[in-house]
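Below is one structure, written out as structure tokens, with a few remarks after it.
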Amino acid sequence: MPLGMETVSALRVKSLYKVYGNRADKAMELLKNGAHQDEKLAGLPVTAAVVDANFEVRRGEIFVVMGLSGSGKSTLIRMLNGLLAPTHGTVEVDGIDITKLKPAALRKLRREKISMVFQHFALQPHRSVLDNASYALEVAGLPRDERREKALEALRMVGLDGWADKLPQELSGGMRQRVGLARALAAGTDIMLMDEAFSALDPLIRREVQDQLLELQAELGKTIVFITHDLNEAMRLGDRIAVMRAGRIVQIGTAEEILTDPSNDYVAQFVADVDRTRILTASAVMERPLGVVDVNSGPRVAARVLRETQTSAVYITGRDKRYLGTVTADAAAQAVREGRKNLQEIVSTEYARTVDDTTPVADIFAPCAESPAPVAVVDAAGRLAGVIPRVTLLSALGSISTDVSENTATPEPTDVAGTTPAASGTAAPEVPVQVGAQAPARLTEGPA
Amino acid sequence: MNIIERINDMLPYVRIGDAFTTGVDWSREHLSAVFDGIAATVDSLVEPLASLLTTPPAIVMVLIFAGLGWWLRGWKFGLGTALGLGMVAGMPIWDQTMSTLALVLVSSALALLLAVPLGIFIAENPRASAIVRPVLDLMQTMPAFVYLIPAIFFFGVGVVPGALATVVFSMPPGVRLTELGLRQVDREVVEAGEAFGASPWKILLRTKLPLALPTIMTGVNQVIMLALSMVVIAGMVGAGGLGEVITTALFRAQVGAGFEGGVAVVILAVVLDRLTDSIGARTAAAKAQRAMQQA
């Protein structure tokens with residue numbers, strides 16, 4: 001079946017295993033039958049470095065593989081470009097299964113499609129920065145002038161254009177790794193593998209090169225597989241994160257998914273000491289708005305909802321459920337008294353501040369403090385996704401600093417069809433609301 | 001006690017010597033063409049080089065070496081070379097010194113021609129390394145005189161047996177240090193070559209060998225030093241040069257002549273050692289190492 005290139009993942013890994021040792025075949029059999037390596041493999045002289053890895057890396061994303069040392073992540077990344085041959089399973093690069101390639105074809109694929117950045121930079125100490133940056137082009141057999149031009153361009157991108165003639169040893173650690181990055185960029189491949197690329201750097205320098213990587217990524221849109229043992233780095237860089245433990249991938253998801261919904265205690269412990277206010281966004285702490293009224297329903301409806309919900313303002317949505325603003329109890333009562341029919345005239349945006357649903361929690365405190373009514377959370381299409389009352393923000397803050405695994409699903413109001421706040425935004429204007437219901441602070445943990 | 005002595009008496013004479021003799025005899029009979037070829041080759045290398053070195057007046061050669069020393073290590077070493085070799089030129093053994101130099105250079109070159117490729121091979125093949133290492137140990141620990149006996153058998157008396165015994169004796173450090181140098185190359189740098197799709201051949205030539213070069217140059221230095229240490233022994237089988245000066249002095253109990261020969265060997269050794277050492281220090285990888293230490 002002819003698939004467009006867009007639909008083929010940049011990388012696809014299927015039931016990938018790597019077992020070291022003499023009895024690898026026997027161990028493979030046990031593993032495939034579901035043996036946990038600690039138990040049944042104990043008697044065999046083998047090490048299962050990667051067990052049943054399955055994932056796809058989309059074009060243009062930064063896919064982070066995170067795990068402690070010995071979790072198999074370095075072995076995994078080396079199977080992605082064939083530096084290590086898997087014991088079992090397939091690795092597809094642009095739809096080509098590289099485990100079946102002959103050595104020469106594999107080298108060609110590496111030259112054309114995948115480059116790599118190493119933990120200890122792996123620069124050639126006897127050659128200049130420029131020669132190092134142009135290494136991939138030299139291997140590919142480009143003429144000297146062309147290689148020099150492209151390598152200088154790559155060095156310029158990482159901010160090292162003045163250093164081309166130095167030896168790598170004359171540079172600081174951070175600069176050396178930028179040479180490593182330039183070498184990978186100059187290769188011009190779509191996929192870049194980064195093996196603990198920033199782990200050997202000082203924290204401040206690390207932060208700097210992380211920023212630089214993100215800037216370059218925004219410009220170039222490479223597909224990056226990034227290995228790290230540093231959770232904060234994973235959260236900062238990763239569009240998606242795969243958490244590895246003892247050779248197995250235990251969870252794949254966005255930073256937020258892994259924080260709010262860890263798949264097991266191991267992941268939960270791992271993420272326990274992250275500054276969540278930077279990672280969690282408004283959508284993770286927002287709750288269902290108590291009163292939502294369609295703009296066409298009129299002041300009377302608004303007044304009734306206000307009475308039922310015992311709140312000081314209702315949220316008004318227009319066509320396509322787009323958020324327009326709030327109507328306060330006073331304004332509604334006055335409009336009813338004056339016999340007005342149109343809600344549009346009394347909608348105000350003063351009474352409740354608005355934030356984007358992707359705003360980090362850390363940035364919601366100020367609007368929340370200024371806003372008399374709960375802050376309105378708006379999604380990318382401008383629809384009302386939810387609201388964040390002050391008390392919810394504070395309780396969310398309390399709960400996100402305790403162990404995630406203790407949080408169990410909170411019962412939702414029973415009379416609402418959708419269980420997520422986004423769904424409630426699309427509910428009928430006259431939502432009968434349970435005023436007394438304790439709103440769940442952690443909505444994504446609902447039974448949805 | 002009795003029993004032990006009886007068992008002791010029962011120990012057979014293990015005739016490895018006979019076996020070796022048989023091997024040598026067989027080789028001499030069947031491989032004479034090969035040995036003649038080797039002899040002719042070595043002869044055609046040593047003799048012309050020796051005559052080339054002895055053709056100019058001694059003082060010219062002294063100045064050439066001094067200039068080389070100045071260029072490679074600086075004026076102090078150049079001056080030292082001029083004084084040392086000038087002293088040798090002032091003794092009646094200049095020609096012998098030059099023919100010893102020719103013998104050492106040819107033997108070392110042949111030894112390295114075998115040692116470096118072998119070192120590369122066993123660095124890439126751990127199994128071959130396990131086989132070659134004990135053989136190298138044997139070559140190095142076998143008393144050097146022992147090589148002379150079969151060498152005379154094959155090549156008669158003269159320069160050739162001396163040169164070939166020298167090749168065998170001086171080869172091991174060349175092999176070992178080549179292997180060591182290649183194994184010391186940072187694994188990640190080699191991996192980077194692979195990751196960017198370079199062929200094994202290209203990685204060897206452009207990455208591994210340049211990085212191993214300082215260590216290989218240490219091997220070259222060791223090979224030359226060992227070759228020089230063989231010249232006196234080679235003198236016993238008629239290789240000429242300073243070896244002949246010293247052995248003759250030994251047999252005739254001429255203390256002064258023996259000392260002169262010995263001093264000439266020492267001066268030659270120092271000059272060769274420092275010159276090869278400075279060539280190693282001038283490689284790109286050695287410069288990189290120094291840059292790293294400064295940083």
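For segment B:1-110, chymotrypsin sites (Phe, Trp or Tyr not before Pro) meeting the loop criterion (DSSP other than H, G, I, E, B) and having at most 14 other Cβ atoms within 10 Å: B:13. What the phi angles of segment A:354-364 give under the Karplus curve with 6.51, -1.76 and 1.60, with θ = phi - 60°, is a coupling list of 10, 10, 6, 6, 9, 5, x, 3, 4, 9, 9 Hz, glycine and proline written as x.
Relative contact order for segment A:107-161: 29 percent, from Cα pairs under 8 Å spaced at least 6 residues apart, divided by residue count. The residues neighbouring residue A:196, those whose beta-carbon lies less than 10 Å from its own, together hold a net charge of -2 under the Lys/Arg +1, Asp/Glu -1 convention.
Among the listed pairs A:14/A:108; A:14/A:100; A:108/B:202; A:150/B:208; A:100/B:208; A:150/A:222, a Cα-Cα separation exceeding 19 Å is found for A:14/A:108; A:150/B:208; A:100/B:208.
Within segment B:229-252, which residues have the backbone N less than 18 Å from the label spot 7 Å out from residue B:153 along Cα→beta-carbon, could you tell me? Flagged as within label range: B:237. How would you classify chain B from its alpha-carbon gyration tensor, with a ≥ b ≥ c the square roots of the eigenvalues: rounded for a/c under 1.5, else prolate if a/b is greater than b/c, otherwise oblate? Taking the square roots of the gyration eigenvalues as a ≥ b ≥ c, chain B is oblate.
When +1 charges are put on Lys and Arg Cβ atoms and -1 charges on Asp and Glu Cβ atoms, the dipole computed for chain B relative to its Cα centre reaches about 940 debye. In order along segment A:13-23, phi translates into HN-Hα couplings of 10, 10, 5, 8, 10, 9, 10, 9, x, 6, 9 Hz, rounded to whole numbers, per the Karplus curve 6.51 cos²θ - 1.76 cosθ + 1.60 with θ = phi - 60° and x for Gly and Pro.
Taking the charge dipole of chain B about its Cα centre, with +1 at Lys and Arg Cβ atoms and -1 at Asp and Glu Cβ atoms, the residue from B:77, B:151, B:170 reaching farthest to the positive side is B:77. Charge tally around residue B:212: other residues with Cβ under 14 Å, Lys/Arg +1 each, Asp/Glu -1 each, net +2. Do the sum for chain B: with -39,500 (n - 2.57) for every DSSP H run of n ≥ 4, divided by all residues, what is the mean residue ellipticity at 222 nm, to the nearest 500 deg cm²/dmol? Helices in chain B give a 222 nm mean residue ellipticity of -28500 deg cm²/dmol.
Antiparallel beta bridges, as assigned by DSSP with both residues in the protein assembly as shown, represent about 60 percent of the total such bridges.
Going by the alpha-carbon gyration tensor, a ≥ b ≥ c the square roots of its eigenvalues, is the protein assembly as shown rounded (a/c under 1.5) or, if a/c is not under 1.5, prolate (a/b greater than b/c) versus oblate? Prolate. By its C-alpha gyration tensor, with a ≥ b ≥ c as the square roots of the eigenvalues, how is segment A:77-166 shaped: rounded for a/c under 1.5, else prolate for a/b larger than b/c, else oblate? It comes out prolate by the Cα gyration axes. For segment A:250-364, the antiparallel share of DSSP beta bridges with both residues in that region comes to about 70%.
Rule-based calculations on the coordinates, nothing more; no lab input. Every value quoted in this text rests on a predicted model; they were computed, and no experiment measured them. A quick note on method: Cβ atoms are made from the backbone with ideal geometry, for glycine too, and the neighbour counts reach across all protein chains shown.
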